[in-house]
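Enquirer: Here it is: the structure, laid out below.
Derivation of every value follows stated rules applied to the coordinates shown; laboratory data play no part. Note that this is a predicted model, so its numbers are computed, not measured. Cβ atoms come from the backbone with ideal geometry, glycine included; neighbour counts cover every protein chain shown.
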């Protein structure tokens, strides 16, 4: 049985030790840009404590031949402060490039690639797009870019798979199919894109290793526990909100039975 490549532990195992494979994924997402070559993965190790740590994403930080930094993440859960968290980590990676007295001209672009297992943009005008690119541009003249220092690419995997046309190149379409249909042998057999076939071969090797299986299950349990804790916290917050609303209604002279009925208590 194959392990899920959307498990961020398995995702990192697949790509952190395969710079060539990582390069093809980056270039597929950034198909409008000049292809890059990953020359180094800066955080290849996975600390055992990270497998059970809560609110941790096992990302891949890589550097290309021009010194640009890429932060690639597989994200399976939707944090409430998702955009703040994403931009904080990108900005932090930008800041860490310079020491005291260094020249700002030495800064290299920091480019985030976040592959999401959930729909982030759900407004009516957003449901037909699944591949997004954000950077510093002028509001009234979007063609005018302030600089390339911070960029964030987002691919909503499930939405992209539903839309089909959201992936504008065969390479990106193949990667989306891999992440969404990895367990379907018939679908995988139809994919002729060599990098995806290489990723599938590596996935099979990882899935056959008992230690990797155990660590992947450990990571899945940690993520489930995290989701449970978040849900419980939301429920407690909702209950406190209802209690505060009830108290305010009573202070305003409303009958308690009527107030409880309105609040559904």
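Enquirer: Arrange the following residues from fewest to most other Cβ atoms within 10 Å of their Cβ: 192, 207.
Expert: Values: 192 9, 207 16.
Lowest to highest Cβ neighbour count: 192, 207.
Enquirer: On to the next question. How large is the Kirkwood hydrodynamic radius of the range 19-98, counting all unique pairs of alpha carbons, in Å?
Expert: Details: mean 1/r = 0.0710 Å⁻¹.
By the Kirkwood definition, the hydrodynamic radius is 14.1 Å.
Enquirer: Could you sort 148-157, 20-29 so that the peptide with the highest average Cβ count within 10 Å comes first and the rest follow in order?
Expert: Details: 148-157: 19.9, 20-29: 21.4.
So the peptides 148-157, 20-29, ranked by packing, come out 20-29, 148-157.
Enquirer: Let me ask another. Note the full-extension length gain between residue 31 and residue 46 as 0.36 nm times their separation in residues minus their Cα-Cα distance, in nm to one decimal. Walk me through the numbers on the way to the answer.
Expert: On the way: separation 15, 0.36 × 15 = 5.40 nm, distance 2.93 nm.
Here the segment from residue 31 to residue 46 would lengthen by 2.5 nm.
Enquirer: As an exercise, take the mean of 1/r over every pair of distinct alpha carbons in the range 122-192, invert it, and state the Kirkwood radius in angstroms.
Expert: Values: mean 1/r = 0.0711 Å⁻¹.
Kirkwood radius, the range 122-192: 14.1 Å.
Enquirer: Using a Förster radius of 51 Å, what is the FRET efficiency between residue 197 and residue 104 based on their Cβ-Cβ separation? Nearest 0.05, please.
Expert: Details: r = 43 Å, r/R0 = 0.84.
Efficiency computed from Cβ-Cβ geometry: 0.75.
Enquirer: Also: Mind sorting 119, 59 by how few other Cβ atoms lie within 10 Å of their own Cβ, fewest first? Could the numbers behind the result be given before it?
Expert: Details: 119 15, 59 22.
With the sparsest Cβ surroundings first, the list reads 119, 59.
Enquirer: Calculate I(q)/I(0) for the range 8-208 by the Debye formula, one identical point scatterer on each C-alpha and no solvent, and give its log10 at q = 0.09, 0.12 Å⁻¹ to two decimals.
Expert: -0.35, -0.64
Enquirer: I would also like to ask the following. Got the relative contact order for the range 8-208 handy, in percent, Cα pairs under 8 Å and 6 or more residues apart? Don't skip to the end; give the middle numbers.
Expert: Numbers: 291 pairs, mean separation 34.9, N = 201.
RCO, the range 8-208: 17 percent.
Enquirer: Can you sort 175, 132 so the residue with the fewest Cβ neighbours within 10 Å comes first?
Expert: Values: 175 25, 132 15.
Lowest count first: 132, 175.
Enquirer: Calculate the spin-label point distance for residue 189 paired with residue 84, positioning each point 7 Å from the Cα along the beta-carbon direction, and give it in nanometres.
Expert: Each label point lies 7 Å from its Cα, and together they span 5.0 nm.
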